[in-house]
Amino acid sequence: MCWSLVFRTDALADKEVKVVDTFPADTHPPIVYPAALTVSGKSPAAKPLLDYLRSVPARAVWEKYGFQLAQ
């Protein structure tokens with residue numbers, strides 16, 4: 001058996017992970033994963049990807065895996 005500290009979303013994504021305890025939400029700041037385009041970015045796929053990640057269909061995927069999105 002292996003003990004690890006993982007994010008809730010990671011635990012939800014792996015059926016072999018058993019959650020044995022959690023940290024109360026008021027003991028740490030919210031965990032945030034920012035995404036943005038950068039001025040120096042050159043990939044033509046960046047804007048369509050960011051647009052998709054913010055879309056209604058993507059929201060369902062985010063929520064399926066335990067993420068809460070900012071409004």
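Is at least one residue of the stretch 41-56 in contact with a helix residue (DSSP H, G or I) (Cβ under 6 Å, 6 or more places away or on another chain) and of a type in the set (A, V, I, L, M)?
Applying the first criterion (in contact with a helix residue (DSSP H, G or I) (Cβ under 6 Å, 6 or more places away or on another chain)) to the stretch 41-56 yields 52.
Next cut, of a type in the set (A, V, I, L, M) only: none.
Scanning the stretch 41-56 turns up no residue that is in contact with a helix residue (DSSP H, G or I) (Cβ under 6 Å, 6 or more places away or on another chain) and of a type in the set (A, V, I, L, M).
Residues of the stretch 14-58 being at pLDDT below 90, under 21 Å from Ala70 (Cβ atoms) and open to solvent by less than 100 Å² (accessible area, probe 1.4 Å), which ones? Result: Ala25, Ile31. Applying the condition of being within 11 Å of the chain's Cα centre (by Cα) and over 14 Å from Arg8 (Cα atoms) to the stretch 60-71 and asking which residue is modelled with the lowest pLDDT yields Leu69. Within the stretch 9-26, can one find any residue that is in contact (Cβ under 8 Å) with a residue 12 or more places away in the chain and of a type in the set (Ser, Thr, Tyr)? Yes.
Restricting to the stretch 21-71, name every residue that is small (Gly, Ala, Ser) and more than 21 Å from Ser4 (Cα to Cα). Steps first, answer last, please.
Keep residues of the stretch 21-71 that are small (Gly, Ala, Ser), which gives 25, 35-36, 40-41, 43, 45-46, 55, 58, 60, 66, 70.
Ala35, Ala36, Ser40, Gly41, Ser43, Ala45, Ala46, Ser55, Ala58, Ala60, Ala70, listed by residue number.
The values are calculated or read from the model by the stated rules, or taken from the named source; none is laboratory data. Everything numeric here is computed off the predicted structure, so don't read it as measured data. Note that each Cβ is placed from the backbone with ideal geometry, even for glycine, and that neighbours are counted across all protein chains shown. We work out accessible area using only protein heavy atoms, side chains counted, and drop any ligands, DNA or RNA first. Shrake-Rupley method; radii C 1.70, N 1.55, O 1.52, S 1.80 Å.
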